[in-house]
1. Please go through the range 43-86 and pick out each residue that is surrounded by 12 or more Cβ atoms within 10 Å (Cβ to Cβ) and of a type in the set (S, T, N, Q).
2. Out of the residues in the range 68-116 that are free of Cβ contacts under 8 Å to residues at least 24 places away in the same chain and either in contact with a Phe, Trp or Tyr (Cβ under 9 Å, 6 or more places away or on another chain) or among the basic types (K, R) (or both), state the one that is nearest to A43 (Cα to Cα).
3. Restricting to the range 98-115, name every residue that is over 10 Å from L78 (Cα atoms) and of a type in the set (A, V, I, L, M).
4. Return the only residue of W20, W41, W16 being aromatic (F, W, Y), touching a helix residue (DSSP H, G or I) at 6+ places or on another chain (Cβ under 8 Å) and under 27 Å from A96 (Cβ atoms).
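Derivation of every value follows stated rules applied to the coordinates shown; laboratory data play no part. Remember, it's a predicted structure, so these values are computed and weren't measured experimentally. No Cβ is skipped: glycine too gets one built from the backbone with ideal geometry, and neighbour counts run over all protein chains shown.
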Amino acid sequence: MTQHPITPPPELIKDWHDEWNESDQIVHSAYTHIAIRAVQWGADQELEACCEWLVKRMGWEYVSVPLRAERRPKPPSLKEQALQALAEADLGSTEAEWSQRFDTIRRALEQLPDTH
């Protein structure tokens, strides 16, 4: 059987399994966790290959950085999430939505240092 060019090395798969084992919030099986990580890794490999191709073949060095930023945006920080939850606090919500917003705000506040 021939190996696909975008195949994670066995060491990386082991790292993902270990990461799942060490997780304090196991919400799915190790197989699901490894599959999710493998898809993310494969997509990252493909994005890097496309960026490299754009630079080498087209000479478009200026495209790689914004392309990566657009395709792999950074998740909002906990502070940004809490501010968004606070901004939405006055919107009509179900109990579950309220609970989720309060939990986000609580987690953000817990990260603040205690000052006296």
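1. Q45, S64, Q81, Q84 - these are the residues of the range 43-86 that are surrounded by 12 or more Cβ atoms within 10 Å (Cβ to Cβ) and of a type in the set (S, T, N, Q).
2. At the first step, the residues of the range 68-116 found to be free of Cβ contacts under 8 Å to residues at least 24 places away in the same chain are 68-70, 73-77, 80, 83-103, 105-106, 110, 112-116.
Restricting the remaining residues to those that are either in contact with a Phe, Trp or Tyr (Cβ under 9 Å, 6 or more places away or on another chain) or among the basic types (K, R) (or both) gives 68, 74, 85, 89, 101, 106.
On the way: R68: 11, K74: 15, A85: 30, A89: 36, R101: 31, R106: 34 Å.
The qualifying residue nearest to A43 (Cα to Cα) is R68.
3. Matches in the range 98-115: L112 only.
4. Answer to the check: W20.
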